[in-house]
1. With +1 on each Lys and Arg Cβ and -1 on each Asp and Glu Cβ, and nothing else charged, work out how big the dipole of region 21-526 is about its Cα centre, in Debye to the nearest 20.
2. With a 1.4 Å probe and all protein chains left in place, how much of the accessible area of region 21-526 comes from carbon and sulfur atoms, in whole percent?
3. Ignoring ligands, DNA and RNA, how do 237, 275, 367 rank by accessible area with a 1.4 Å probe, largest first?
4. Spin-label point model (7 Å from Cα, Cβ direction): what's the residue 73 to residue 401 distance in nm?
5. Just to confirm my numbers, what's the Cα centroid distance between region 484-527 and region 197-213 in Å?
6. Here are some pairs, 89/221; 451/505; 444/502; 16/89; 30/505; which of them have Cα atoms lying more than 18 Å apart in this structure?
7. Tell me, what ³J(HN,Hα) does each residue in region 472-483 have, in order and in whole Hz, if you take phi through Karplus 6.51 cos²θ - 1.76 cosθ + 1.60 with θ = phi - 60° and put x for Gly and Pro?
8. Give me Rg/Rg_expected for region 452-527, where Rg uses Cα atoms only and Rg_expected = 2.2 N^0.38 Å with N residues.
Amino acid sequence: MLLPGLSANMSVDFSKNATESPEPCKAEIKGNIPSWLQGMLLRNGPGIFTVGDTNYNHWFDGMALMHSFTFKDGEIIHRSRFLRSDTYKANMEANRIVVSEMGTMAYPDPSKNFIFKAITFLNHTMPDFTDNGASNFIKYGNDYYATSETNYISKIDPVTLETLEKVDYLKYLPVNLASCHPHYDKEGNAYNIGTSIATKGKTKYVLFKVPAASDKDKGKKGPALKNVEVICSVPCRSLLMPSYYHSFGITDNYIIFVEMPFKLDILKMATAYMRGVSWASCLKFCPEENTLIHLVDRKTGKEVETKYYTGAMVLYHHVNAFEDDGHVVFDVIAYTDNSLYDMFYLSNLREKSQFDEKRFSKPTYKRFALPIHADKGVPVGGNMVKLKYTTASAVKEKEGKFMCQAEVLCEGLELPRINYDINGKRHQFVYGNYVGDSAEVVAKFDTESKKMVYWDEDKCLPSEPVFVPRPNGESEDDGVVLTSVINSNPGQSSFILILDGKTFKEVARAYVNTELNKDMHGFFIPH
């Protein structure tokens, strides 16, 4: 198995520092961009890996580089800019990495005195996390933020990509960590989840809502987070070992939170600096434990009484969730262990030979079905799932407790995206990166026929695809798929690729006159 974005016939230097291009530059168009495609694609990911004589250990740790591609009247304008976080400023001023990241612990210059070193040690015992938001973008109210998974987010100008303001979640609600994959409803309200670590002797997961911007907020200063509402708190099953999570699911009436046996050991984190290890080494996968599935009623803010379990697994991305005939169905990309994170250590990325199935588990597209109400007439050992189109099961262990088994829809798909207009509703199509014999592939997967179609081109490395629906589209896949493509063919530029959502055939591409870097996630803002 190869990395998403790495293949045998293509060499990509993941540790190379990128350069920014903050001035707007018109791309060279080949093909015809649909006239209705008006808006801005933002993309975010790590871009700086070496500062002075110091290097990051892990690809996720690199300092954020943001890209924007503005679609207007058949033209595309490109910009890129480094996020001017406090982390960026401190590292650049010192000309060395001085702010620790998850996979890289920063130690003081050997020439610093004892008092400075002692203060640095204390800061790492009670860590103040980085504000290097290199994972994704979040919209709260009318504002856009670059985000990772710490308590800090950075407000940006989506047009110029300038960094405007640092915002701390902890000023508005008690969360030390937060997902970088919120959900949005039709009214513009945002829903997210964070972890509150040992607050008043309790560790819990906090589900919260950031209301959409209203007329009464116009002219008022302060982020939309000032109006945040806590929907529900879910107790952590172990006080000092909260589950890691990257995303969650949502339907019209429910929120799905999967508490995995992939945990962050808080006590080990407190001593990591002293022991000379990274915070990432304090993540522990416990394969002997079950995975808990929490189903929260959005209206009441309470967990449903039924308890759901499944076997140990690690997941990063939810695909979608929906309700059907008394069930909540949710799709995820799951792994059998936590080796995906290890795959992205830069030392591993430099070793082509280590990308094989023996060392790293393959992404598996799984569908779970949760019966919402317990049927007391079903005997112990009976399957409670009554849906005809899935083999997913929920076996009754005792009254109100079910062991769930997923249906495997396909293997090899990651970075899943859907037509977000049907988020929370039953979907048919999923777009993503396919991990197979060649990883230079974006794919469209049909969940009903189980068929997959691909786009690939020699020496071209596509990013996560983003689906943009055509206004008043006639079908779920009526729209286009956008992906940025790193082009390693001699004498050719990298480009934005536009694919037809239905046929998955190329509609157009836009060559940019600067290098594109491998990134994480994208966000489309329609005009």
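The values are calculated or read from the model by the stated rules, or taken from the named source; none is laboratory data. None of the values given here were measured: they were computed from a predicted structure. Cβ sites come from the backbone with ideal geometry, for glycine too, and all protein chains shown count toward neighbours. Keep in mind that these areas ignore ligands, DNA and RNA; they rest on the heavy atoms of the full protein, side chains included. Shrake-Rupley method; radii C 1.70, N 1.55, O 1.52, S 1.80 Å.
1. Working: 59 positive and 63 negative charges, 241 e Å.
Computed charge dipole of region 21-526: roughly 1160 debye.
2. Working: 10590 of 20990 Å².
The C+S portion of the solvent-accessible surface of region 21-526 is 50 percent.
3. Details: 237 90, 275 115, 367 10 Å².
Of 237, 275, 367, the descending order of accessible area is 275, 237, 367.
4. It works out to 6.6 nm between the two label points.
5. Each part's Cα centre sits 37 Å from the other's.
6. Those over the limit are 89/221; 16/89.
7. Residue by residue, region 472-483 yields 6, x, 8, 8, 4, 9, 7, x, 10, 10, 10, 8 Hz.
8. Numbers: Rg = 13.0 Å, N = 76, 2.2 N^0.38 = 11.4 Å.
That works out to 1.14 for region 452-527.
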